[in-house]
Structure formats: structure tokens, C-alpha cells
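To start, the structure itself, in C-alpha cells.
The values are calculated or read from the model by the stated rules, or taken from the named source; none is laboratory data. Bear in mind that the values here come from a model prediction, so they are computed numbers and not experimental data. A quick note on method: Cβ atoms are made from the backbone with ideal geometry, for glycine too, and the neighbour counts reach across all protein chains shown.
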Amino acid sequence: MTNVKQILIAASIICLCISTSVISAASEKEIRIADKAGDWGYPSPYLAYARGPGYVRMQFIFDTLVWKNETNGPIPLLAENWEYLKDEDAYVFNLVENAKWHDGTPITASDVAFTIRYMKGHPYGWVVLDRVDRAEAVDKYTVKIYMSGPYAPFMEDIGGTMPILPEHIWKDVENPMDYVEPGAFVGSGPFKYADFSKEHGTYKYEAFDEYYLGKPIIDQLIYVKTGDPQMALQRGEVDLASIKSEMVDAMKEKGFIVIAGPHYWNKKLMINHNKQPLDNIVFRQALAYAINQSEFVDKSLRGYGKPASYGLISSESVWASPNVPDYPYNPEKAKELIESLGYEWDNGVFIKDKKPLKLQVLVSMIGVGGQPAPDRDGEILNDQLEKVGIQVELTSLDTKMVDKKVINRDFDLAISGHGGIGADPKILYEKTIQVPGSKPSPNTARYNKSEELNECLDGLMHEMDASKRLEAVHEAQNIYARELPAISLYCPTWYYAYNPDAGVEWFYTTGGIAKGIPIPQNKLALIGAGAGESTTAAMQKEQQESPIISFSVVMAILILVAFYLKRH
Amino acid sequence: MCLYFPICQEFKRNRIGVTGLVMFLLLSTTAILAPIIAPHDPWDYSDRSFQSPSMNHLLGTNDIGYDIFSELLWALRTSVFFGVSVAAIACTIGLILGVSTALIGGLYDLVVMRIVDALLAIPSILVLILIAAYFRPSTMILVITLSLIIWQTIARGIRAQTLSLKTKLHIKAARNMGASTGYIMRKHIIPELFPLYAMGFVTKARIAVFMEAGLSFLGIFDPTTKSLGIMMSYAMRYLYLDVWFNWLLPAVLSLSMLIVSLALISYAIEEIFDPRLREDNAATV
């Protein structure tokens with residue numbers, strides 16, 4: 001009898017241990033994301049590096065007023081609804097009433113008003129608040145933002161990009177760039193800051209149980225630095241990673257879900273239109289005819305991309321003009337146009353005033369997301385221009401040197417690239433003319449020779465009527481493509497793959513995250529409000545139920561054991 | 001009899017040296033004949049990308065469609081040209097300055113030797129990276145630049161040897177018999193210094209080949225130049241496609257063989273002229 005009793009007690013203890021571990025394993029669900037660079041700064045608004053990945057790491061902790069998902073934007077986030085008051089030239093946002101900061105303090109309208117005041121005093125790289133006059137908290141959950149003039153991109157540019165800061169923490173912060181205290185990481189997003197290692201390039205976040213849109217479907221989110229993200233994904237070390245274009249089919253065969261990004265990033269040819277003969281529209285059009293965009297896609301991207309629109313805005317954007325002028329590859333037409341400018345064909349080279357037509361082409365090694373990578377664009381452009389009688393001096397320089405030369409207009413042609421061409425059409429304004437008061441950008445053409453274009457660009461920035469704004473955007477693209485302040489070459493297709501068994505359905509955000517970041521790491525995918533609502537809801541349910549089931553089983557066993565012992 | 005005849009005989013008997021020389025000659029001949037033996041234009045990218053090795057493309061094609069074999073031959077040509085040119089210029093400068101400082105002496109010797117000291121303190125690779133990255137000079141200018149910053153060790157060695165030679169009886173005898181400085185340099189000193197500048201030549205050629213490959217690997221050379229470093233840099237990007245055996249490996253092997261051949265020659269020369277290093281003496285030392 002004693003033996004039976006001892007065996008049963010031992011069995012009960014074993015059962016208890018197993019069940020407890022099952023319970024803890026079921027409740028600790030983590031997602032790992034691979035990243036090559038690792039360090040993108042602390043995940044706090046002023047400390048994260050001013051590049052897409054830096055913002056993405058910050059957005060898990062800090063919410064904005066509005067947001068975007070796979071198909072729509074703006075959609076409610078901290079603001080449940082909003083309105084533009086034309087008479088007062090102001091936006092009114094009604095905030096959700098159950099939102100809390102990570103330290104438990106409720107989020108109110110005064111936090112939003114404070115954020116605007118604070119960011120006007122301490123400029124934040126992602127948001128320009130020159131157009132905002134002031135913000136007032138009308139009541140506890142209503143904030144009114146007064147504009148100093150009509151500003152059409154407001155919702156995407158400020159509403160959907162400006163992280164809201166907790167007033168009770170930040171009101172005493174004099175220098176936000178030096179503020180690395182724990183308070184710098186108290187936000188309103190679905191995840192709380194847990195750890196960041198600059199040396200190892202790792203980030204760790206923990207789910208915020210009291211998140212106003214519901215508890216996230218995972219408990220931990222971790223960013224891991226790895227030299228080969230694709231390999232890390234194949235080995236099961238991470239759940240989401242960028243993959244090489246050629247590996248798409250192989251990854252699909254291995255059971256991963258591959259998502260192709262929208263074409264919101266373009267490689268483009270910067271043109272020094274202050275210099276002869278590049279100051280002539282006809283010559284720039286000749287260049288466009290001489291450039292074979294398809295060859296760039298075939299050779300430089302090996303087919304994984306598409307030719308860019310000459311109107312800059314991505315052809316996949318809702319803002320794309322349906323009738324942008326096109327320049328199909330036609331070297332003969334290019335030669336004709338160059339000849340019409342007084343050049344003579346001499347033994348394969350155009351000559352004017354006994355001097356050959358020679359252009360210097362600067363190439364830098366900008367790759368995906370601004371990371372350095374050697375590419376073949378310079379060689380291809382060199383070949384294409386030489387075919388139409390233009391001598392090319394191809395110079396490969398450090399990215400910063402190319403940028404500097406372009407900013408100082410010390411160049412003829414330069415190959416450069418930037419994203420954001422799928423988000424708000426403000427990008428057309430920013431990349432065509434110099435935004436007053438801003439630093440010169442190496443991707444901006446700084447072209448203001450066309451009154452007609454300036455007028456349309458002004459319209460797209462200040463026209464508050466949606467249909468009239470769309471018209472101005474279309475017209476601006478058409479004129480841009482006709483005058484060619486810069487020539488867009490191609491848009492690469494980027495791929496990410498994820499493990500479907502991890503239970504998160506990642507997606508690319510329409511127009512890109514915030515101001516247009518083309519990275520499929522939208523926080524909505526982790527709170528079940530994104531594309532995979534049904535799956536994630538099911539997961540959440542399963543996660544909530546499984547510990548209860550395990551616990552019930554253990555309790556039942558223990559009751560049975562107790563009952564047996566009592567009987568014997 | 002030629003002064004160099006015994007040296008040649010000695011070299012012939014040195015198996016390491018002969019192996020190095022044969023390897024170097026083979027690679028150099030291939031490089032020189034590249035325009036003739038390359039089956040395709042190495043700048044023609046009209047072929048399909050990533051073709052496997054075939055009779056038409058011996059090593060297949062790369063990411064853009066270049067024939068890898070033809071590109072390899074032309075890249076080898078760049079490496080050999082760079083190595084030999086830099087070594088030739090650096091040796092000439094080193095020889096002239098080394099001998100002249102030893103023979104003339106005085107303030108001239110002092111100034112040149114201080115320049116040598118200063119140059120010895122500067123890491124040549126950094127200077128070359130900075131010049132290449134910021135000024136983007138042509139290949140020829142880079143050859144001259146590198147030569148101008150790596151001649152100092154040759155000059156110093158030659159100066160020391162010349163100072164020693166100057167005191168030898170046969171030189172003194174020649175001088176007493178009325179021979180001019182130029183005559184002594186031409187007929188006695190330069191031929192007798194052969195081991196030193198032969199060594200210097202090979203060593204500098206090896207450094208130059210390595211530097212050229214390294215700098216082009218970093219992407220700070222003209223991207224249209226065919227170079228083993230550029231080839232390796234691109235091949236590394238596509239390792240996941242299993243192209244290492246027909247793209248990366250041939251480039252790495254060619255570069256290694258070129259450097260090893262030069263190293264073997266330099267080792268052999270050193271062995272011939274430094275009796276302490278000879279195998280038959282090694283046992284008795």
C-alpha cells in the first residue's frame with residue numbers, strides 16, 4: 001500500500017511539473033525578426049536613426065494619431081475619428097478613451113497638444129511642423145490643431161507619422177537627443193521596451209497587456225542581427241527575414257510565405273540641369289530615349305523589378321497619373337534630338353565646336369534601403385549612352401562624396417535612389433523643388449524653371465479638395481515627365497519571407513509605413529488588426545484557452561489521486 | 001662571361017624559384033595574350049545571366065551576362081600590369097636614390113634619408129585608399145602614386161649596400177685609375193646590387209598586386225576596369241546561388257597563384273644570395 005501511495009505521489013508531482021512547463025511555454029510566444037545591420041538606434045522618437053528601419057523599431061512602442069494597414073489609410077489609431085474644419089483651417093481629433101501609457105497613465109488630448117508644442121521647439125526629423133500654428137486640448141479627449149495655411153499632406157505627413165509623447169515625462173526634458181532614461185521608452189504602442197543592445201544590434205519588446213486595441217497576439221518581439229537573414233530563417237532561428245529575389249521559389253517550396261513588396265523605391269538619374277547641354281529639355285528627352293529601362297531591369301535586377309514611371313510617382317500608387325509621357329527605348333530618335341541641338345556625328349561620337357560630347361557619370365553604391373552594395377547600373381548606363389554617341393566618364397565614388405557633389409552641383413549625371421514614391425504625392429514636391437528652409441537633399445532635382453510645374457506642385461501641397469488635388473498631382477507628373485528634371489530608371493522588387501507556423505501574417509503597408517517606409521513590419525500584424533485578422537484571432541483564442549485546458553487536466557488528475565488515496 | 005650567369009645557374013637549381021618563375025611566366029603570358037585568347041568581349045553583357053559552364057562559356061556567365069572566363073583573363077592582365085609597373089617604377093626610384101645618396105652623401109643624403117624615414121612611417125595602403133576614394137585618379141596615376149610611396153625600403157637597402165661596396169678594393173682601384181662616378185655606378189655598383197633590386201622588384205610587385213585586388217574589392221576603383229578584386233566582390237554577392245566554383249574560385253585561385261608565384265621567386269632569390277638560408281648550409285649552422 002505504502003509503495004502504491006509513494007508511486008502515485010511521485011506521478012502527481014511529475015504531472016504537475018510537466019503541466020506547469022506546458023502552461024509557461026504556451027504563454028511565452030515570441031517572434032524573431034532578422035536584420036543585417038542590427039543597430040538602428042534606441043527605439044525612442046529622438047534616438048532612433050532617421051532611416052526607415054529606425055522608425056519601424058520605434059513604432060512598436062509609440063503610436064500616432066492615425067495609421068495605415070495593408071489596404072487603407074488613414075485609419076484610426078489613437079484618434080478614433082477626425083474632421084477638417086475648413087473655416088477655421090483646423091483639424092479636430094477625437095481620441096480613444098481607454099488608451100494608456102505604458103506606465104498606466106491615461107492618454108489625453110493634452111498629450112497631443114504637448115507633443116506638437118514640444119516638436120515645434122525640438123524639431124523631430126520625420127515631421128515638419130512649420131505649417132502647424134498651434135494645438136489646443138478642447139476637452140480631455142478632443143484636440144484641435146490649427147494650421148497656419150492649407151496643408152494637404154497633413155494626415156499622412158503629421159497625423160500618421162508624428163509619435164505622440166507622454167507630457168508627464170517629456171515636459172521636463174530639455175535636450176531630447178541626450179534623453180536615454182527609462183522614461184524615453186514609455187509610449188502608447190502595443191509593445192513595451194524591454195532591451196536594446198547597440199553592440200549586438202538586438203532589440204527586445206514585451207507585449208503591453210493593456211493596449212487599447214487589445215493585447216498583442218505575441219508576448220515578445222525580438223530583432224536579431226545576422227549576417228545572412230535568409231539562412232537564419234531557413235534554420236528556424238527567426239520568423240521573418242528579407243530574402244534574395246532568386247530564392248523566392250526555393251523558399252516557397254520550403255513552406256515559407258513570400259511577400260513581394262510594392263514598387264515604392266526608385267533608382268534614378270540625377271541631372272545637373274544648370275549645365276550645358278543638360279539644361280536643354282530636348283537633350284534630357286534625348287537621354288530618356290537613349291536609356292533602355294528594360295535592360296536595367298533585366299541586367300541590373302535580373303528581371304526582379306519594373307521600369308519606373310517618368311513622372312516619379314510609382315505606377316502602383318493611387319496617385320499615379322494615367323497618361324504620363326513615355327520614352328520607349330529609341331537610340332535613333334535620341335541621336336536625331338541631339339543632332340537637332342547642333343551636334344555632328346563623327347565616328348561614333350557627337351561633336352560640337354570640335355569638342356566631343358562628354359558627360360561624367362557619378363555612381364555610388366546605394367542599395368536596398370540605403371545600404372551599400374555594388375551594382376551594374378554605371379556599366380549599363382555607360383554602354384547605353386556610348387551607343388548614342390555620348391562619351392562617358394564613369395566615376396565610382398563613396399556615397400557621401402556623390403551626395404556632396406550633387407548638392408554642390410559639381411556633376412553632370414549621377415545615379416542615386418530614394419523611396420517614398422508610393423506614399424503621399426508630397427514626395428513629388430520634395431524631390432523636384434527645394435523645400436524652403438530645408439537642407440539640400442542629394443535626391444532633389446532643385447528644378448524650379450517651369451512656372452507650370454511650380455503651380456501644380458503648389459496645388460498638390462495646398463489644395464484641400466481631394467479631387468482637385470488629384471488633378472494637380474496628375475498634371476504635375478505629366479509636366480515632370482515632359483521636362484525631366486531627373487530620369488527615374490527602375491523600381492526593384494523586394495521580397496520578405498516568413499514562417500506561417502509562427503502565427504503572424506506580415507504584410508506590406510499601403511503607401512509604406514508612416515511617410516512611406518517599404519518594410520513589411522507594421523505593428524498591426526501583431527495585434528490582429530491587419531491582414532491576418534482571422535488567423536491571429538484564432539491564435540489569441542488558442543493561446544488563452546490552452547493554459548486553462550492544461551490546468552484543468554492537472555487538477556483532474558490530482559483530484560483522482562486524492563480520491564484513490566482516501567479510498568485505500 | 002656574363003656577371004649574372006652563375007646566378008642564373010644557381011636559380012635553375014632552386015626548385016622553389018623555378019616553380020615560382022614558371023607559374024609567373026604562365027600567368028603573365030596568359031595576361032598578355034588575353035585580347036587574343038579571350039573567347040568573348042569581356043564588356044559585352046548581351047548574354048543571359050548566370051549560365052552554367054559550357055563549351056561556349058568555359059566558366060559560365062555572371063550576374064550581368066559577362067563571360068567569366070574572358071573577364072578573368074582581362075582581370076589577370078590588370079593585376080599583372082599593375083604589379084609589374086609599380087615594381088618597375090618603385091625599383092627605379094629606389095635604385096637611383098639609394099645609389100646616389102650613398103655616392104654623393106652630404107646634405108643630399110641627409111634630406112633623402114629623412115624623406116625615407118617619413119615615408120616608412122606612413123602606411124601606404126591608407127594613403128592609397130584615401131587618394132583612390134577622394135580623387136578617383138586613373139589606373140596609371142594610381143600606379144605612379146603607389147610607386148612613389150613604396151620605394152623607400154629599396155632605397156634604404158641599396159644605400160647601405162652601396163656604402164659597403166664603395167669601400168671594396170676593386171671599386172677603390174677603379175676610382176684610383178680615374179673612373180668617373182657614373183662609370184663606377186654603371187659598371188660595378190648597379191650590376192653588383194642586382195640581388196637587392198631583384199628582391200625589391202618581386203616584393204613590391206607582390207604588394208602591388210595585392211593592393212590592386214584589395215582596393216577594387218572595396219569598390220573604390222573604376223567599376224568598368226576588369227579586376228580580380230571586383231570579380232570577387234560581385235561573386236561574393238551571389239554565393240547563395242552556388243556560383244562560387246565557376247566565378248569566385250577561379251578569381252581567388254588566379255590571385256593566389258600570382259601572389260604565391262611572386263613569393264616563391266622572392267624566397268628563391270633570397271636563398272641564393274643569402275648563403276645562411278641555403279639548405280646545405282642550414283644543417284651546419
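Give just the number: which of (1) closer than 20 Å to A:Ser317 by Cβ; (2) not in a helix (DSSP H, G or I) does A:Ile415 not satisfy?
Only one criterion is unmet by A:Ile415, namely (1).
Check A:Ile479, A:Ile519, A:Ile557, A:Ile487 and return the single one that is assigned to a strand (DSSP E or B) and modelled with pLDDT of 60 or more.
On the way: A:Ile479 fails: assigned to a strand (DSSP E or B); A:Ile519 fails: assigned to a strand (DSSP E or B); A:Ile557 fails: assigned to a strand (DSSP E or B).
On inspection, the qualifying residue turns out to be A:Ile487.
Looking at (1) touching a helix residue (DSSP H, G or I) at 6+ places or on another chain (Cβ under 7 Å); (2) part of a strand (DSSP E or B); (3) more than 13 Å from every other protein chain (Cβ to nearest Cβ); (4) of a type outside the set (S, T, N, Q), which one does A:Ala423 not meet, given that it meets all the others?
(2)
When the residues of segment B:234-251 are filtered to those that are assigned to a helix (DSSP H, G or I), farther than 23 Å from A:Glu379 by Cα and more than 9 Å from chain A (Cβ to nearest Cβ), which remaining residue is modelled with the highest pLDDT? Let's see the steps before the verdict.
We begin by selecting, within segment B:234-251, every residue assigned to a helix (DSSP H, G or I); these are B:234-237, B:239-241, B:244-251.
Adding the requirement that they be farther than 23 Å from A:Glu379 by Cα leaves B:240, B:245, B:249.
Okay, now just the ones that are also more than 9 Å from chain A (Cβ to nearest Cβ), so B:245, B:249.
Working: B:Phe245: 91, B:Leu249: 95.
Among those residues, the one meeting the criterion is B:Leu249.
With the structure loaded, tell me whether A:Leu287 is touching a strand residue (DSSP E or B) at 6+ places or on another chain (Cβ under 9 Å), more than 14 Å from chain B (Cβ to nearest Cβ), in contact (Cβ under 8 Å) with a residue 24 or more places away in the chain and surrounded by 15 or more Cβ atoms within 10 Å (Cβ to Cβ) or whether it fails that test. Outline the logic, then answer.
Numbers: touching a strand residue (DSSP E or B) at 6+ places or on another chain (Cβ under 9 Å): yes; more than 14 Å from chain B (Cβ to nearest Cβ): yes; in contact (Cβ under 8 Å) with a residue 24 or more places away in the chain: yes; surrounded by 15 or more Cβ atoms within 10 Å (Cβ to Cβ): yes.
In short, yes.
Is it the case, given these coordinates, that A:Asp209 is of a type in the set (Asp, Glu) and within 14 Å of chain B (Cβ to nearest Cβ)? Spell out how you get there, then give the answer.
Details: of a type in the set (Asp, Glu): yes; within 14 Å of chain B (Cβ to nearest Cβ): no.
Considered against the rule, which asks whether it is of a type in the set (Asp, Glu) and within 14 Å of chain B (Cβ to nearest Cβ), A:Asp209 comes out as no.
Output the number of residues of segment B:40-59 satisfying the condition of being hydrophobic (A, V, I, L, M, F, W, C) and either within 11 Å of chain A (Cβ to nearest Cβ) or under 17 Å from B:Leu25 (Cα atoms) (or both).
Keep residues of segment B:40-59 that are hydrophobic (A, V, I, L, M, F, W, C), which gives B:43, B:50, B:55, B:58-59.
Applying the additional criterion that residues be either within 11 Å of chain A (Cβ to nearest Cβ) or under 17 Å from B:Leu25 (Cα atoms) (or both) yields B:43, B:50.
Here the count works out to 2.
Can you find, within segment B:60-73, the residue that is surrounded by the fewest Cβ atoms within 10 Å (Cβ to Cβ) among those that are away from chain A (no Cβ under 14 Å) and under 28 Å from B:Val143 (Cβ atoms)?
Keep residues of segment B:60-73 that are away from chain A (no Cβ under 14 Å), which gives B:60, B:67-70, B:72-73.
Still in the running and under 28 Å from B:Val143 (Cβ atoms): B:67-70, B:72-73.
Numbers: B:Asp67: 24, B:Ile68: 26, B:Phe69: 21, B:Ser70: 24, B:Leu72: 25, B:Leu73: 23.
Per the stated criteria, the residue is B:Phe69.
With (1) assigned to a loop (DSSP other than H, G, I, E, B); (2) more than 21 Å from A:Gly38 (Cβ to Cβ) as the list, and A:His200 as the residue in question, which single condition is left unmet?
Evaluating A:His200 over (1) assigned to a loop (DSSP other than H, G, I, E, B); (2) more than 21 Å from A:Gly38 (Cβ to Cβ) leaves (2) as the failure.
List the pairs whose first member sits in segment A:394-408 and is closer than 16 Å to A:Asn272 by Cβ and away from chain B (no Cβ under 11 Å), whose second member is among the charged types (D, E, K, R) and crowded, with 17+ Cβ neighbours inside 10 Å, and whose Cβ atoms are under 7 Å apart, counting only residues at least 6 apart or on separate chains?
none
Could you check, for segment A:258-267, whether at least one of its residues is more than 13 Å from every other protein chain (Cβ to nearest Cβ) and more than 30 Å from A:Tyr327 (Cβ to Cβ)? Before you say what the answer is, go through the steps one by one.
Keep residues of segment A:258-267 that are more than 13 Å from every other protein chain (Cβ to nearest Cβ), which gives A:258-267.
Going one step further and asking which of them are more than 30 Å from A:Tyr327 (Cβ to Cβ), we end up with A:258-259.
The answer is yes; a qualifying residue exists.
For segment B:125-174, what are the residues that are within 14 Å of another protein chain (Cβ to nearest Cβ) and of a type outside the set (D, E, K, R)? Break it down into steps so the answer makes sense when it comes.
At the first step, the residues of segment B:125-174 found to be within 14 Å of another protein chain (Cβ to nearest Cβ) are B:129-139, B:141-142.
B:Ile129, B:Leu130, B:Ile131, B:Ala132, B:Ala133, B:Tyr134, B:Phe135, B:Pro137, B:Ser138, B:Thr139, B:Ile141, B:Leu142 - these are the residues of segment B:125-174 that are within 14 Å of another protein chain (Cβ to nearest Cβ) and of a type outside the set (D, E, K, R).
Do you know which of the residues in segment A:54-82 that are without any contact (Cβ under 8 Å) to a residue 24 or more places away in the chain and in a strand (DSSP E or B) is nearest to A:Phe507 (Cα to Cα)?
Per the criteria, the residue is A:Ile75.
Filter segment A:374-393 for residues that are facing chain B (nearest Cβ under 7 Å) and not basic (Lys, Arg) and give the result. Before you say what the answer is, go through the steps one by one.
In the first step, residues of segment A:374-393 are kept if they are facing chain B (nearest Cβ under 7 Å); the result is A:374, A:376, A:378-379, A:382.
If the condition is that a residue be facing chain B (nearest Cβ under 7 Å) and not basic (Lys, Arg), then A:Pro374, A:Gly378, A:Glu379, A:Asn382 are the ones that fit.
Does segment B:212-220 contain any residue that is small (Gly, Ala, Ser), within 14 Å of chain A (Cβ to nearest Cβ) and touching a helix residue (DSSP H, G or I) at 6+ places or on another chain (Cβ under 7 Å)? Spell out how you get there, then give the answer.
Filtering segment B:212-220 for residues small (Gly, Ala, Ser) gives B:213-214, B:216, B:219.
Pick out the ones that are also within 14 Å of chain A (Cβ to nearest Cβ) and you get B:216, B:219.
Then keep just the ones that are touching a helix residue (DSSP H, G or I) at 6+ places or on another chain (Cβ under 7 Å); that gives B:216, B:219.
Scanning segment B:212-220 turns up at least one residue that is small (Gly, Ala, Ser), within 14 Å of chain A (Cβ to nearest Cβ) and touching a helix residue (DSSP H, G or I) at 6+ places or on another chain (Cβ under 7 Å).
Listed here are the residues, each with its yes/no results for (1) over 19 Å from the mean Cα position of the chain (by Cα); (2) outside any helix (DSSP H, G or I); (3) more than 18 Å from B:Gly94 (Cβ to Cβ); (4) among the hydrophobic types (A, V, I, L, M, F, W, C).
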position: B:Asp109; (1), (2), (3), (4): yes, no, no, no
position: B:Ile115; (1), (2), (3), (4): yes, no, no, yes
position: B:Leu130; (1), (2), (3), (4): yes, no, yes, yes
position: B:Leu142; (1), (2), (3), (4): no, no, yes, yes
position: B:Ile149; (1), (2), (3), (4): no, no, no, yes
position: B:Gly157; (1), (2), (3), (4): no, no, no, no
position: B:Thr162; (1), (2), (3), (4): yes, no, no, no
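Does A:Gly255 qualify as being on the phi > 0 side of the Ramachandran plot and either in the same structural domain as A:Lys431 (by TED's automatic domain parsing) or surrounded by fewer than 20 Cβ atoms within 10 Å (Cβ to Cβ) (or both)?
The answer is yes for A:Gly255.
For segment B:222-233, enumerate the residues that are facing another protein chain (nearest Cβ under 10 Å) and buried (at least 24 other Cβ atoms within 10 Å of the Cβ).
B:Ile230
Please list, ordered by first then second residue, the pairs with beta carbon atoms under 8 Å, 6 or more apart or interchain, first in segment B:36-62 and under 22 Å from B:Pro223 (Cα atoms), second surrounded by 16 or more Cβ atoms within 10 Å (Cβ to Cβ) and among the basic types (Lys, Arg).
Qualifying pairs under 8 Å: B:Pro42/B:Lys226; B:Tyr45/A:Lys299; B:Tyr45/A:Arg376; B:Ser49/A:Lys299; B:Ser49/A:Arg302; B:Phe50/A:Arg302.
Looking at segment A:109-139 only, could you name the residues that are in a loop (DSSP other than H, G, I, E, B) and in contact (Cβ under 8 Å) with a residue 40 or more places away in the chain? Can you show your working first?
Looking only at segment A:109-139, we keep the residues that are in a loop (DSSP other than H, G, I, E, B), and these are A:122-123, A:125-126, A:128-131.
Residues satisfying the conditions are A:His122, A:Gly125, A:Trp126, A:Val128, A:Asp130.
When A:Thr509 is evaluated against the numbered criteria (1) in contact with a Lys or Arg (Cβ under 8 Å, 6 or more places away or on another chain); (2) under 22 Å from A:Pro74 (Cα atoms); (3) surrounded by fewer than 24 Cβ atoms within 10 Å (Cβ to Cβ); (4) at pLDDT 90 or above, which criterion, by number, is the only one it fails?
Of (1) in contact with a Lys or Arg (Cβ under 8 Å, 6 or more places away or on another chain); (2) under 22 Å from A:Pro74 (Cα atoms); (3) surrounded by fewer than 24 Cβ atoms within 10 Å (Cβ to Cβ); (4) at pLDDT 90 or above, only one is false for A:Thr509: (3).
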